[in-house]
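The values are calculated or read from the model by the stated rules, or taken from the named source; none is laboratory data. Computed from a prediction, not measured in an experiment: that's the story for all the values here. Reconstructed Cβ throughout: ideal geometry from the backbone, glycine too, with neighbour counts over all protein chains shown. With ligands, DNA and RNA removed, areas are computed over all heavy atoms of the protein, side chains included. Shrake-Rupley method; radii C 1.70, N 1.55, O 1.52, S 1.80 Å.
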Amino acid sequence: MGMLASTGLVVKLVLMLLLYFSVVSWGIIFYKLLQVYRANGASERFLEFFWKAKRFDAISSQLDRFEHSPLTVLFQEGYGELKRLQEKVEEKADPSIVSTDLGGVDNIARALRRATTSEITRLEKYLTFLATTGATAPFVGLFGTVWGIMTAFEQIGKSGSASLAVVAPGIAEALIATAIGLVAAIPAVMGYNHFQHKIKVLISEMDSFSTEFLNIVQRNFGR
């Protein structure tokens with residue numbers, strides 16, 4: 001703390017910026033851990049329930065049990081589009097209208113794609129901040145270090161001595177910025193990579209669920 005107190009204004013500002021990056025990054029990491037953990041657990045339970053329930057109306061009535069799963073959003077959008085198409089069929093009393101003549105299955109596929117895109121955006125929210133922190137924090141810290149070293153050399157020039165006792169304190173103070181830059185960047189990079197992997201798994205689950213949902217619709221209503 002004594003070293004931090006003795007640093008110059010520019011280095012202090014750099015350290016404050018890096019502290020902000022670090023605190024926000026850790027907040028995002030804890031938030032995303034909870035979000036992804038809930039999404040994975042709820043998705044597993046929803047898929048198990050989905051294949052056991054067999055009826056869309058029964059599944060729709062129980063969606064509140066799996067509110068954290070992105071798959072429930074896909075099901076809501078797909079089932080909602082299916083019900084709208086069924087209403088059109090009933091109005092015209094012609095079951096064949098649900099087929100590709102009116103693009104029925106295609107409409108459901110588009111609804112599923114929109115829901116998937118929306119959920120991917122939600123899951124990836126704030127990850128750009130982690131990526132930005134991981135990419136820029138070391139360089140911000142390096143800037144603070146370079147500035148601190150310049151200040152240290154200026155003090156050497158004023159004192160007229162280049163002994164270790166004169167140089168070491170200034171260099172040590174300057175290197176703090178690099179150290180804190182790495183402290184901010186390393187967890188951000190690790191968190192970003194971890195969440196990207198977890199989200200890719202969820203995206204794969206959403207794609208698989210969309211395919212299965214469309215297969216069910218085509219088997220039952222695509223005739």
Fill in the blank from the handout: Ordering 200-206, 58-64 by per-residue average of other C-beta atoms within 10 angstrom, highest first, gives 200-206, 58-64
Handout entry: Cα→Cβ-extended label distance, 7 Å offset, between Phe30 and Ser208, nm
Key = 3.3 nm
Practice task
Give me the accessible area of Val10, 1.4 Å probe, in Å² rounded to the nearest 10.
Solution key: 40 Å²
Practice task
With θ set to phi - 60°, apply the Karplus curve 6.51 cos²θ - 1.76 cosθ + 1.60 along region 26-37 and write out the HN-Hα couplings as whole Hz, x wherever there is a Gly or Pro.
Solution key: 5, x, 5, 4, 5, 5, 5, 4, 5, 4, 5, 4
Practice task
Report the net charge of residues surrounding Leu123, where surrounding means a beta-carbon distance below 13 angstrom and charges are Lys +1, Arg +1, Asp -1, Glu -1.
Solution key: +3
Fill in the blank from the handout: Given a Förster distance of 25 Å, the FRET efficiency implied by the Cβ-Cβ spacing of Phe129 and Met16, rounded to the nearest 0.05, works out to 0.90
